[in-house]
Amino acid sequence: MFTKILIANRGEIACRVITTARKMGIQTVAVYSDADRDARHVMLADEAVHIGPAPSRESYLLADKIIAACKQTGAQAVHPGYGFLSENAEFSRRCEEEGIVFIGPKHYSIAAMGDKIESKKLAGAAGVNCIPGVNDAIETPERAVEIAKGIGYPVMIKASAGGGGKGLRVAFNDKEAFEGFTSCRNEARNSFGDDRVFIEKFVEEPRHIEIQLIGDSHGNVLYLNERECSIQRRHQKVIEEAPSPFISDATRKAMGVQAVQLAKAVKYQSAGTVEFVVGKDQSFYFLEMNTRLQVEHPVTEAITGLDLVELMIRVAAGEKLPLTQADVQRNGWALECRINAEDPFRGFLPSTGRLVRFAPPAQTMWQGDTQHLLGVRVDTGVQDGGEIPMYYDSMIAKLIVHGTDRLDAIAKMREALNGFVIRGVSSNIPFQAALLAHPKFVSGDFNTGFIAEQYAHGFRAEDVPHEEPKFLTALAAFVRRKSRERAAGISGQLPGYAVDAGKDYVVVTLAEDGQHSYTPVHVDDFEGESGSARVRVAGTDFEIRSRSRLNDIAITGTVNGTPFTAQIERGTPTNPLALRVQHNGRRIDTLVVSPRMAELHALMPFKAAPDMSRFVLSPMPGLLVQVAVVPGQKVQAGERVAVIEAMKMENVLFAQADGVVSKVMAAQGESLTVDQPIVEFAA
């Protein structure tokens with residue numbers, strides 16, 4: 001067994017590998033860029049090596065620097081995690097030549113599965129179901145239309161080297177096939193330097209279901225059940241679960257058998273995943289093979305009780321798999337939510353900056369530990385006070401729960417999300433909460449188009465359901481009353497001037513447009529019982545009990561005997577006296593005041609936000625990589641104005657109306673903040 005390994009990655013996956021290596025008694029080496037000098041994975045590792053500037057192309061993607069770090073520290077093996085160099089066949093081959101063990105598949109297996117066209121040919125030869133289509137590169141849009149008509153619409157046009165949703169179009173007629181081919185080819189050339197494009201049948205109402213594999217160097221390959229990954233936004237997974245609520249045992253076995261056949265055909269060693277697209281009739285077709293550990297591997301670990309990272313390390317060290325196919329378990333139900341630094345209410349724009357508060361829910365399951373299940377696990381590479389840099393992907397953490405069944409897992413996940421405190425950057429937690437509460441998700445009635453169909457016009461605050469909105473009002477009144485009680489108990493108050501906690505309040509629910517709502521509430525204490533009260537809101541009584549401290553953001557307790565976790569925050573960016581209440585994804589900003597103060601508040605004039613329509617504002621923190629206009633230039637609506645790069649994505653800003661540029665207010669190469677003016681148009 002190895003005594004020291006290097007992790008050629010960053011963030012949560014680097015921390016994940018370090019945890020298992022430590023359990024196995026293996027020393028670890030971290031690598032880091034300028035942006036990650038104080039990162040959590042650097043602190044966790046036994047050693048750390050600086051490998052370059054913040055951009056990944058100058059650090060984490062440089063094989064020479066990784067190999068040099070291995071030699072410098074004496075690391076015998078390298079674990080690539082996912083992303084970066086994890087599926088780079090040349091890097092795997094280089095490691096082998098340098099006498100460094102690559103903890104992953106052999107270079108020839110990566111190469112065989114890395115090309116979408118060639119991998120489909122190999123899959124077909126191995127007896128794996130493949131989608132009807134033409135797997136040879138297509139040269140002209142006219143030929144693309146001819147092939148599409150032959151297959152039958154709808155068809156999917158895909159770049160051979162594509163990934164992450166780039167180089168992909170769906171066509172329902174000749175016109176869309178012609179235009180889609182041209183766009184797909186251009187996008188592939190610009191993104192991947194490879195403009196080969198192929199066409200295949202588009203499976204309607206498709207589900208994205210993948211089979212987890214593990215193989216060793218002794219010819220043994222096992223499938224570790226499936227993961228349901230159909231909840232996607234723009235081809236990026238949002239929620240994953242295991243097992244799938246859709247497929248039958250017979251389909252599961254058939255998919256697993258075919259995945260093993262493909263793995264054996266390419267002499268696969270290590271952990272890997274075969275992805276399938278599954279039709280509504282449970283017909284399934286090979287999509288691609290990911291020759292690495294997947295982001296969503298924890299849900300498989302939860303239902304099987306296996307540590308996939310440990311198995312990868314043992315296989316790389318030449319050991320045989322310690323189990324057979326008959327030993328693979330499938331216990332309970334696991335869900336994973338990807339917690340990303342993005343603002344779902346602003347088109348999921350990336351959000352970078354300092355984590356002013358980062359307090360995940362309490363864990364009862366841990367990485368590398370297969371003994372404690374049926375609980376909550378958090379995989380993360382950040383910590384309280386840490387930085388979310390603009391140079392890498394937007395993931396803050398992965399929240400994993402394991403339940404006895406699917407409904408138990410959903411309930412655990414909703415409660416865990418309620419207690420996940422993130423401040424300083426925006427997160428997608430409200431969106432995750434809305435998805436988990438959606439009736440179609442709860443019933444398992446969804447496919448890969450679910451998010452696009454249900455949130456076709458974006459995600460808004462009103463899209464977050466709450467089964468009892470009056471509870472949020474009651475909770476605001478409860479916290480305010482307990483604060484008043486504490487103030488009333490302070491000794492030394494002058495007679496006649498002591499604080500009166502009171503029982504009658506008005507909860508003012510604040511609205512951005514000034515259309516506030518006013519709700520009378522009555523609060524009664526339970527006799528002799530601190531930390532509890534009965535709150536009446538519009539004829540509904542809420543018996544609330546909580547032992548949480550008043551200055552905690554996440555508070556726990558019971559309401560009418562049912563446990564709850566919610567978040568209460570004092571002060572908002574626009575009102576230091578407000579109480580912000582969050583529960584099950586819904587958020588309200590309130591003022592809890594006396595009835596007389598509510599009357600006076602209703603008379604206050606509303607101050608509208610300043611008109612910023614003449615400005616093009618940065619919608620996110622990021623790097624201004626291009627300003628496409630100059631002062632005095634006439635610009636038409638829809639014309640490109642600027643390009644911002646953040647979290648590995650380019651975001652193009654367009655003019656919303658015709659106008660003349662009066663001033664350029666930011667320079668190319670400048671780091672921008674949210675709502676920073678870039679261009680001003682003449683009035």
Taking the range 345-356 and the residues there that are surrounded by 18 or more Cβ atoms within 10 Å (Cβ to Cβ) and assigned to a loop (DSSP other than H, G, I, E, B), the one that is farthest from the chain's Cα centre (by Cα) would be Leu355
Residues that are at pLDDT 95 or above, in the same structural domain as His457 (by TED's automatic domain parsing) and more than 20 Å from the chain's Cα centre (by Cα): does the range 357-368 have at least one? yes
Would a scan of the range 448-465 turn up a residue that is closer than 16 Å to His583 by Cβ, part of a loop (DSSP other than H, G, I, E, B) and over 19 Å from the mean Cα position of the chain (by Cα)? yes
Enumerated strands (runs of 3 or more DSSP E) restricted to the range 514-617, each holding at least 2 residues that are among the charged types (D, E, K, R) and touching a residue at least 24 places away in the same chain (Cβ under 8 Å): 586-593
Exactly one condition in (1) crowded, with 22+ Cβ neighbours inside 10 Å; (2) in contact (Cβ under 8 Å) with a residue 24 or more places away in the chain is false for Arg94; which is it? (1)
Conditions (1) surrounded by fewer than 21 Cβ atoms within 10 Å (Cβ to Cβ); (2) at pLDDT 95 or above; (3) more than 30 Å from Lys23 (Cβ to Cβ) -> Thr380 fails only (3)
Among the residues of the range 262-277, write down those that are within 22 Å of Ile117 (Cβ to Cβ) and under 25 Å from the mean Cα position of the chain (by Cα). Gly272, Thr273, Val274, Glu275, Phe276, Val277
Verdict on Ala409 being touching a Lys or Arg at 6+ places or on another chain (Cβ under 8 Å), touching a residue at least 12 places away in the same chain (Cβ under 8 Å), under 27 Å from Pro245 (Cβ atoms) and outside the structural domain of Met647 (by TED's automatic domain parsing): no
Give all pairs with beta carbons closer than 7 Å in which a residue from the range 624-641 that is part of a loop (DSSP other than H, G, I, E, B) meets a residue that is small (Gly, Ala, Ser); count only pairs at least 6 apart in sequence or on separate chains. Ala628/Ala642; Pro631/Ser662; Gln636/Ala655; Ala637/Ala655; Ala637/Ala657; Gly638/Ala655; Glu639/Ala655
Scan the strands (runs of 3 or more DSSP E) fully inside the range 244-340 and keep the ones with 1 or more residues being over 25 Å from Asp379 (Cβ atoms) and touching a strand residue (DSSP E or B) at 6+ places or on another chain (Cβ under 9 Å). 270-278, 284-290
I'd like to check something: does the range 357-373 contain any residue that is within 21 Å of Met24 (Cβ to Cβ), of a type in the set (Phe, Trp, Tyr) and in a loop (DSSP other than H, G, I, E, B)? yes
Residue hits (the range 97-129; surrounded by fewer than 20 Cβ atoms within 10 Å (Cβ to Cβ), modelled with pLDDT of 95 or more and charged (D, E, K, R)) are Glu97, Glu98
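Can you tell me which residue among Leu417, Leu399 is more than 20 Å from Pro243 (Cβ to Cβ), in contact with a helix residue (DSSP H, G or I) (Cβ under 7 Å, 6 or more places away or on another chain) and among the aliphatic types (A, V, I, L, M)?
Values: Leu399 fails: more than 20 Å from Pro243 (Cβ to Cβ).
The match here is Leu417.
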Filtered residue count, the range 376-395, keeping only those that are among the charged types (D, E, K, R) and outside any loop (DSSP other than H, G, I, E, B): 3
Where Ala434 falls short, out of the listed (1) in contact with a strand residue (DSSP E or B) (Cβ under 7 Å, 6 or more places away or on another chain); (2) surrounded by 19 or more Cβ atoms within 10 Å (Cβ to Cβ): (1)
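Considering Ala111, Ala161, which residue is without any contact (Cβ under 8 Å) to a residue 24 or more places away in the chain, closer than 30 Å to Ile5 by Cβ and not assigned by TED's automatic domain parsing to the domain that holds Gly81? Outline the logic, then answer.
Values: Ala161 fails: without any contact (Cβ under 8 Å) to a residue 24 or more places away in the chain.
The match here is Ala111.
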Selected residue (only one of His41, His79, His50 is buried (at least 22 other Cβ atoms within 10 Å of the Cβ) and closer than 27 Å to Ser671 by Cβ): His41
Conditions: (1) more than 30 Å from Pro322 (Cβ to Cβ); (2) in a loop (DSSP other than H, G, I, E, B); (3) assigned by TED's automatic domain parsing to the domain that holds Tyr268; (4) not aromatic (Phe, Trp, Tyr). His218 meets all but one. Number of the miss? (1)
Given the criterion touching a residue at least 60 places away in the same chain (Cβ under 8 Å) and more than 15 Å from the chain's Cα centre (by Cα), identify the matching residue among Glu319, Glu336, Glu342, Glu296. Glu319
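The values are calculated or read from the model by the stated rules, or taken from the named source; none is laboratory data. Fair warning: this is a prediction, and the values are worked out from it, not measured in the lab. Quick reminder, even Gly has a Cβ in these numbers, built from the backbone with ideal geometry, and neighbours come from all protein chains shown.
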